[in-house]
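Report on one structure; see the data block that follows.
The values are calculated or read from the model by the stated rules, or taken from the named source; none is laboratory data. Values in this document were obtained by computation on a predicted structure and should not be read as measured data. For neighbour counting, all protein chains shown are included, and Cβ atoms are generated from backbone atoms with ideal geometry for every residue, glycine included. We work out accessible area using only protein heavy atoms, side chains counted, and drop any ligands, DNA or RNA first. Shrake-Rupley method; radii C 1.70, N 1.55, O 1.52, S 1.80 Å.
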Amino acid sequence: AGISWFFIPSLVLANPQAAFLIFSLAGLIIMSGVAMSDTAMDGYILDTCPPWKLGTVNGTCWGARSLGVIVGGPAILLFVGVTDQILVVFYLLGILTILFGLITLCIETPKEYEKMQIVEHLKIIVKSRENWKVFAFSFFMAITDGVVFIFLALYVLIRAGLVNPIGATINLLDEDVNLFEPQAFITLITGLGILSGSIVNGKIADVKSRR
């Protein structure tokens, strides 16, 4: 995922007509890496944390992630505004992704793991009706998240008069408008919501109910 960031600028500059395809494939690789790290983090929490602290620890982890979003958005905006070198951002993100990934080498992991039985475990997961309820919950919550992070941001930009929707396309009303600042502000607000909600609900989950 980290290496993908290094190739995006050169591939797009060499093949501008294929920019959409390049960004789509790079996004697939990068988000796959993000999903793997999320899954690994949740597994590590389950392996190392006592049951009565799972909600608090998981909520704090999500809060730390949103804090990174809060800091990262304005930091990138400030860098681009000062240097006007947006291509450098891709290289920085690649370097940081690799460096932060190496931090996991400093985390102690259990010495012994149960023997993996992927096929048997997969059968158990698929056959459980309760698991499918959780899968459905995750699916519909992801739709809600998409509305918050994508639709809400576009709606704010439209209502602010920065972009003009025409059918399935969106056009800038002013060619000199800077969308980095309003988008960073929207990210800040949503990040604060995740930060507070994750920590508070994590505490509630441990004290009262996971439901």
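Screening the range 80-91 for residues that are in contact (Cβ under 8 Å) with a residue 12 or more places away in the chain and open to solvent by 30 Å² or more (accessible area, probe 1.4 Å) and picking the one that is farthest from residue 4 (Cα to Cα) gives 81. Residue pairs whose Cβ atoms lie under 9 Å apart, separated by 6 or more positions or on different chains, with the first residue in the range 45-70 and closer than 17 Å to residue 104 by Cβ and the second hydroxyl-bearing (Ser, Thr, Tyr) and not in a helix (DSSP H, G or I), are 47/109; 47/113; 48/109. One residue stands out in the range 151-165 among those that are assigned to a helix (DSSP H, G or I) and of a type outside the set (Phe, Trp, Tyr): the one that is most open to solvent (accessible area, probe 1.4 Å), namely 159.
Just wondering, is there one or more residues in the range 95-104 that are surrounded by 15 or more Cβ atoms within 10 Å (Cβ to Cβ) and over 28 Å from residue 201 (Cα atoms)? Full working, then the answer.
Initial filter on the range 95-104 (surrounded by 15 or more Cβ atoms within 10 Å (Cβ to Cβ)): 97.
Narrowing the set further to residues that are over 28 Å from residue 201 (Cα atoms) leaves 97.
Scanning the range 95-104, I find at least one residue that is surrounded by 15 or more Cβ atoms within 10 Å (Cβ to Cβ) and over 28 Å from residue 201 (Cα atoms), so the answer is yes.
Could we say that residue 24 is more than 30 Å from residue 207 (Cβ to Cβ), in a helix (DSSP H, G or I) and open to solvent by less than 60 Å² (accessible area, probe 1.4 Å) here? It is true that residue 24 is more than 30 Å from residue 207 (Cβ to Cβ), in a helix (DSSP H, G or I) and open to solvent by less than 60 Å² (accessible area, probe 1.4 Å).
Find the residue count for the range 31-44, including only residues that are polar (S, T, N, Q) and touching a residue at least 24 places away in the same chain (Cβ under 8 Å).
At the first step, the residues of the range 31-44 found to be polar (S, T, N, Q) are 32, 37, 39.
Checking which are touching a residue at least 24 places away in the same chain (Cβ under 8 Å) leaves us with 32, 37.
Residues meeting the conditions: 2.
Any residue in the range 127-150 that is in a helix (DSSP H, G or I) sitting within a Cβ distance under 6 Å of a residue that is open to solvent by 60 Å² or more (accessible area, probe 1.4 Å) and at pLDDT below 80? List the pairs, counting only those 6 or more apart or interchain. Close Cβ pairs (under 6 Å, with a partner that is open to solvent by 60 Å² or more (accessible area, probe 1.4 Å) and at pLDDT below 80) amount to 131/125.
On the given criteria, is residue 22 among the aliphatic types (A, V, I, L, M), out of contact with any Cys (no Cβ under 8 Å at 6 or more places or on another chain) and modelled with pLDDT of 80 or more?
Values: among the aliphatic types (A, V, I, L, M): yes; out of contact with any Cys (no Cβ under 8 Å at 6 or more places or on another chain): yes; modelled with pLDDT of 80 or more: yes.
In short, yes.
Residue 56: at pLDDT 80 or above, part of a helix (DSSP H, G or I), open to solvent by 60 Å² or more (accessible area, probe 1.4 Å) and of a type outside the set (Phe, Trp, Tyr), yes or no? For residue 56, the condition - at pLDDT 80 or above, part of a helix (DSSP H, G or I), open to solvent by 60 Å² or more (accessible area, probe 1.4 Å) and of a type outside the set (Phe, Trp, Tyr) - is not met. Residue count for the range 63-96 satisfying the condition of being in contact with a helix residue (DSSP H, G or I) (Cβ under 9 Å, 6 or more places away or on another chain) and of a type in the set (D, E, K, R): 1. Considering (1) within 20 Å of residue 72 (Cα to Cα); (2) modelled with pLDDT of 75 or more, the lone condition that residue 178 does not fulfil carries the number (2). When residue 47 is tested against (1) charged (D, E, K, R); (2) farther than 24 Å from residue 2 by Cα; (3) surrounded by 13 or more Cβ atoms within 10 Å (Cβ to Cβ), just one condition goes unmet, and that condition is (3).
Pull up the range 2-30, narrow it to residues that are farther than 24 Å from residue 108 by Cβ and in contact (Cβ under 8 Å) with a residue 24 or more places away in the chain, then point me to the one that is farthest from the chain's Cα centre (by Cα). Spell out how you get there, then give the answer.
From the range 2-30, those farther than 24 Å from residue 108 by Cβ are 3-30; that's our starting set.
Restricting the remaining residues to those that are in contact (Cβ under 8 Å) with a residue 24 or more places away in the chain gives 3-6, 8-9, 29-30.
Numbers: 3: 18, 4: 16, 5: 16, 6: 19, 8: 19, 9: 21, 29: 13, 30: 10 Å.
Taking the candidates together, the pick is 9.
Checking each residue in the range 66-75 for being out of contact with any Leu (no Cβ under 9 Å at 6 or more places or on another chain) and open to solvent by 60 Å² or more (accessible area, probe 1.4 Å) picks out only 71.
In this structure, does residue 149 turn out to be modelled with pLDDT of 75 or more and not aliphatic (A, V, I, L, M)? I'd like the intermediate steps shown before the answer.
Working: modelled with pLDDT of 75 or more: no; not aliphatic (A, V, I, L, M): yes.
Considered against the rule, which asks whether it is modelled with pLDDT of 75 or more and not aliphatic (A, V, I, L, M), residue 149 comes out as no.
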